[in-house]
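Please read the structure below before turning to the comments.
The numbers here are math on the coordinates, done by the rules we state, and not lab data. Source: prediction; values computed, not measured. Positions of Cβ are backbone-derived with ideal geometry, glycine not excepted, and every protein chain shown enters the neighbour counts.
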Amino acid sequence: MSILLAVTLAAASSVQPSCSWDHPGVNPYTGPTSAAIDRYTDIPAAVRSTLKRRMEEGQSDDKVTITRDGIAGKNKYDPTIRDMHFGAASVCATVTRSKWSAQRQEPGAVYCVDEHCILVPKICGNVSRINRKPDAVAKAPVEVPPPVAKLGDKLGDKDLGLVDAQPYEPEELTEKEQAERDRLQRQAALDAAKKPGVQEFELPETFEFETNPDGSLVVVDPRPLPPYLPNDGDGITPSPTAVPEADTWAMLLAGLGIVGAVARRRQRRQAD
């Protein structure tokens, strides 16, 4: 009895090396999904557990269309279907669908964890395995930009008469040429400084006085002299003199008047 039971179980879970899947739906898989996944012993146990849970919850990665020559979905798959389950526990290592017509299509769901992908056709539920290609997600072709027209090309039948731009190369000058260029640059700076114009004039916060031999007072500006610019020849060239505004002149004259009055009062006191 035990020998007969063992033979029956072996027959029930037989593995065939190759078979035909020419009539989907004729011999559907009737066993539990978890048992079919556990027969794929080359898949790690943790991955098998995740696949079983996702299949029970219906969380597929892709909805595909199975044809005679391929498996089409949002990802790319090899057309070969393997380890397909039939009946209660029969497994076919490789299956063919060569007798399908070119127009036949069968829907299915794909569940993938890492590189392990399970295919379940809708019509018969034959749990199977497929391979997803490395470039799983099809990428749109990259558009090559049109070539940029170069100077000197023709516009239609008309020749523009232009030439291609040449790369810039710095000019090499001798010491004499460089000295002449520097002289011209200095002269240009001096000419620009000599142009007429009105500049700001600021009064100092305090004034200093000096007494002339005749006893008169002279106002001395304590600020430093204006800067000088070197000219082309010997000596120095002073910078342009600032022209005071009208209100500045009035303030200056008023200040000089006050200074003169103070000086006269001081001379009277000294005389007394």
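Tabulated data
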{"item": "Over 21 Å between alpha carbons, listed pairs LYS63/LYS99; LYS52/LYS99; LYS74/LYS99; LYS99/LYS122", "result": "LYS63/LYS99; LYS52/LYS99; LYS74/LYS99"}
{"item": "Protection proxy ranking of 122-130, 100-108, 36-44 - average other beta-carbon atoms within 10 Å, highest first", "result": "122-130, 36-44, 100-108"}
{"item": "Taking ARG97, ARG181 and counting other C-beta atoms within 10 Å, the order from fewest to most", "result": "ARG181, ARG97"}
{"item": "Stretch gain in nm, segment THR65-GLU180, where the contour uses 0.36 nm per residue and the Cα spacing is subtracted", "result": "33.1 nm"}
